[in-house]
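Please treat every number below as a calculation from the coordinates, not as lab data. Given the structure is predicted, the values throughout are model-derived calculations rather than measurements. No Cβ is skipped: glycine too gets one built from the backbone with ideal geometry, and neighbour counts run over all protein chains shown.
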Amino acid sequence: MAVEWAGSGPELLITIDRDGGAGLRSQLEDQLRDAIRRGRLAGGEKLPSSRELARVLGLSRGLVQDCYLQLQSEGYLSSRPGSATRVAAAAAPSLIEPPPARPPDRPQYAVADFRHGVPDLRLAPREDWAWAIREVCRTAPNTAFDYGDPLGERRLREVLAAYLRRVRAVAATGDHVVVCAGMAQALGLVLRAVAADGIDTLAVEDPGAFGSTTEQARTADMAVVPVPVDQDGLDIAALERSPARAVLVTPAHQWPTGVVLAGHRRQALIAWARRRGGVIIEDDYDAEFRYDREPVGSLQGLGPDCVVALGTVSKSLAPALRLGWLVAPDRLLPALAYGKRVADRGCPTLDQLALALLIESGRYDRHLRRARAEYAARREILIAALAQHAPGLRLTGLAAGFHAVLHLPAGTDEEQLIKQARQRGVGLHGLAAMCRATPTEPRLILGFGDTSPRSIEAGIAAIADLLHGKSPDKRD
């Protein structure tokens, strides 16, 4: 796309060699042709005025005008009276190979996609965010536009600490908070910090998020071991038998089964960490969204000396904001500060101040109430659709978040079912891909965060026979 410029036009990289044998005009003509042929100058793009280009290059204006006229006659440039000289619309595209087609970021499904881990992107509070950015730009002092603290803006760290104390029972002050570019960076920083502390093995819930976690652990030279999850959450006895001294857990709403870590296991997990000199990494990925259960406090509140709590706005606001945080014990803060400073010198200051303002103004809580009501309604639609089209199948993990686990009939081939559903325009995702041990039963993870109510109903109806284990040619 051509760039539109105000004034006399864009700067243009042209070099003139006065000691060479080539003439000045031929040098200028050759470099402009080459820039157009190689795509440095796009069709329709405005060139500097002859007066301005002559001034910058130290040439006579007449020489530049003659050059422009020559290139116009060859079809490279175009000009109209009273208008700037531009690259001819047909010149560059006809001479440049088009870039290869970019593959889609994810599969597109005509009926429904029950993908998980993504909120409804249409609910992103654009007006509130725009308001917050405008207010910050209007009121922030000049110092806010300087390089900030790598650990995060003090105002946001204090606001987050107060918010987490209020809604998650976290035991921390702003000094314990590090602002990060989302959950992935937060986890990477923590793993490198604990590795520097002599910990070389990370335990991960099974089933769990092995793909991304294993990649992060590899960058910290840490091994990963699976630890099973049952109806009470992480199996602490199995953790005790492992060589791990760090463990990644999702205690409020286990990913992906949705179970809550039981109270007695919470206590046992804290005791394990203190006895081993280990670290618990708490991923609080969707704790804001709960429906028919009492809120579950943060594990960090029970053991602030051995738990690092991770959080993000990727589920509550939108993944595109790339803002998250971690709350860490004192002993890890120096290593975390060093890692954050080396990684990026800090997250965008204005975005941090905008998030702080959203929380302080109450707009963040108001948005969460709206989103929670929307997801609760979609949950009911999913329950009703399955009750109509697949009665008898058990649905679990519904107390919080925006995904559920559907238990399929024994003997169902998850992979084959997913393939058949894809052929009908429905995206399904199996739980087996999240397991290291052999799954005891076939299950699907049904995300409804970014799936519209109409798509939920249509998607379940389209695969009703498949959910009961019937082949496509044996529909009722």
Query - Angle between the chain longest axis and helix 210-219 axis [Cα atoms, degrees, rounded to 10] - result: 60
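If each residue's Cβ is checked for other Cβ atoms within 10 Å, how do T15, T312 rank with the fewest at the top? Spell out each step's value before the answer.
Numbers: T15 8, T312 25.
Arranged by neighbour count, lowest to highest, T15, T312 become T15, T312.
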Requested in this report: Measure nothing but the geometry: give the 0 to 90° angle between the long axis through the Cα atoms of 349-361 and the longest principal axis through the Cα atoms of the chain, rounded to 10°.
Outcome: 50
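Determine the shape class of segment 322-476: with a ≥ b ≥ c the square roots of the Cα gyration tensor eigenvalues, call it rounded for a/c under 1.5, and otherwise prolate if a/b is greater than b/c, oblate otherwise.
Working: a/c = 2.95, a/b = 1.88, b/c = 1.57.
Judged from the Cα gyration tensor, segment 322-476 comes out prolate (a/c at least 1.5, a/b above b/c).
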Report task. Specify whether the C-alpha gyration tensor of segment 211-295 places it in the rounded, prolate or oblate class, a ≥ b ≥ c being the square roots of the eigenvalues: rounded for a/c under 1.5, otherwise prolate if a/b is larger than b/c and oblate if not. Result -> oblate
Query raised in the report: If you bin every alpha carbon distance in segment 24-95 into 5 Å steps from zero, what whole percent lands in each bin?
Result: 3, 18, 30, 28, 16, 5, 0
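I'd like the per residue volume of the convex hull spanned by the Cα atoms of segment 124-361, given in cubic angstrom. Walk me through the numbers on the way to the answer.
Working: hull volume 27.6 nm³, N = 238.
Hull volume over Cα atoms, normalised by residue count, gives 116 Å³.
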Query - Chain lengthening between Q267 and D330 when straightened (0.36 nm per residue, less Cα-Cα) - result: 20.6 nm
Requested in this report: Determine which aspartates and glutamates satisfy two conditions relative to K315: a Cα distance under 13 Å, and not lying fewer than 8 residues away in the same chain.
Outcome: D120, D283, D284, D286, E288, D450
Report summary line: Under the 7 Å Cα-to-Cβ spin-label approximation, R25 and T173 lie apart by a distance in nanometres of 7.6
**Report entry** Contour excess over end-to-end distance, with Cα ends at Q72 and V342 and 0.36 nm allotted per residue
**Finding:** 92.1 nm
Query raised in the report: Given the chain reduced to its alpha-carbon atoms as identical point scatterers, what log10 I(q)/I(0) does the Debye formula return at q = 0.10 Å⁻¹?
Result: -0.86
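Using only DSSP helix segments of four residues or longer, with each worth -39500 (n - 2.57), what per-residue ellipticity at 222 nm results for the chain after dividing by its residue count and rounding to 500?
Calculated from helices alone, the mean residue ellipticity at 222 nm is -12500 deg cm²/dmol.
What range in the chain is the longest one free of GluC sites (Glu not before Pro) that are in a loop by DSSP and have at most 14 other Cβ atoms within 10 angstrom? Each step should come with its number before you reach the end.
Values: sites that count: E4, E11, E74.
In short, 75-476.
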Query raised in the report: What is the order of C137, C435, fewest Cβ neighbours within 10 Å to most?
Result: C137, C435
Requested in this report: Taking 7 Å along the Cα-to-C-beta vector as the label spot, tell me the E240-S83 distance in nanometres, rounded to one decimal.
Outcome: 8.1
**Report entry** segment 200-302: trypsin sites (Lys or Arg not before Pro) in DSSP coil with no more than 15 other Cβ atoms inside 10 Å
**Finding:** R293
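Figure the gain on full extension for A384 and A90 (residue separation times 0.36 nm, minus the Cα-Cα span) and round it to one decimal in nm.
Length difference between fully extended and current span is 100.1 nm.
Is the C-alpha gyration tensor of segment 243-392 telling us rounded, prolate or oblate? Criteria: a/c under 1.5 is rounded; beyond that, a/b larger than b/c is prolate, otherwise oblate. Display every interim value, and only then the final one.
Working: a/c = 2.34, a/b = 1.23, b/c = 1.90.
Since a/c reaches 1.5 but b/c is at least a/b, the shape of segment 243-392 is classed as oblate.
How charged is the neighbourhood of P226? Take every other residue with its Cβ under 13 Å from the Cβ of P226, and add Lys/Arg as +1 and Asp/Glu as -1.
On the way: positive: R241, R436; negative: E205, D206, D235.
That sum, taken over residues with Cβ under 13 Å, equals -1.
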